[in-house]
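The values are calculated or read from the model by the stated rules, or taken from the named source; none is laboratory data. Note that the coordinates shown come from a computational prediction; the quantities given were computed from them, not determined experimentally. Cβ atoms come from the backbone with ideal geometry, glycine included; neighbour counts cover every protein chain shown. Heavy atoms of the whole protein, side chains included, go into the accessibility calculation; ligands, DNA and RNA do not. Shrake-Rupley method; radii C 1.70, N 1.55, O 1.52, S 1.80 Å.
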Amino acid sequence: QVQLVESGGGLVQAGGSLRLSCEAFGITFSLAASTWYRQAPGQQRELVAMVFTTGSTHYGDSVKGRCTISKDNAKSTAYLQPSSLKPEDTAVYYCHATFAGNVYWGQGTQVTVSS
């Protein structure tokens, strides 16, 4: 059974940073592309960042320059490190993985940025 388990969300003050983790179970993580999305209340889900199996990365415009995505294949874990956080970064952050033609989602972790 495939599972993606996120952790690391919480309440942080504006200007602060976090490290979100997404541990994958049931897939060969080195062969999976990993993506972080987020969804704020009343808003559509948006792409935050993705890391391909090659290690190359792509960032959404709203976080470009303020965020780092990485993956540790040995730990089957992807990381998202947003910094210089703003109140508008408040959202549920979801981990997503693409593996062998299938798509998997985590349950989400809440990030709340106070002003």
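Would a scan of the range 64-82 turn up a residue that is within 20 Å of residue 16 (Cα to Cα) and more than 14 Å from the chain's Cα centre (by Cα)?
yes
What's the total number of residues in the range 74-93 that are in contact (Cβ under 8 Å) with a residue 12 or more places away in the chain and open to solvent by 40 Å² or more (accessible area, probe 1.4 Å)? If you could, list the steps in order and put the result at the bottom.
Going residue by residue through the range 74-93, those that are in contact (Cβ under 8 Å) with a residue 12 or more places away in the chain are 75-93.
With open to solvent by 40 Å² or more (accessible area, probe 1.4 Å) added as a condition, the list becomes 75, 81, 83-84, 86-88.
Count: 7.
Name the pairs whose Cβ atoms lie under 8 Å apart, with the first residue in the range 1-26 and of a type in the set (Phe, Trp, Tyr), the second open to solvent by 50 Å² or more (accessible area, probe 1.4 Å) and outside any loop (DSSP other than H, G, I, E, B), and 6 or more positions between them or separate chains?
Sorted first by the residue in the range 1-26, then by its partner, the pairs are 25/3; 25/5.
Anything in the range 1-53 that is surrounded by 12 or more Cβ atoms within 10 Å (Cβ to Cβ), part of a strand (DSSP E or B) and of a type in the set (S, T, N, Q)? List them, or say none.
Once the filter is applied, which keeps residues that are surrounded by 12 or more Cβ atoms within 10 Å (Cβ to Cβ), part of a strand (DSSP E or B) and of a type in the set (S, T, N, Q), the range 1-53 yields 3, 7, 21, 34, 35, 39.
Of the residues 68, 112, which is part of a strand (DSSP E or B), free of Cβ contacts under 8 Å to residues at least 60 places away in the same chain and over 14 Å from residue 33 (Cα atoms)?
68
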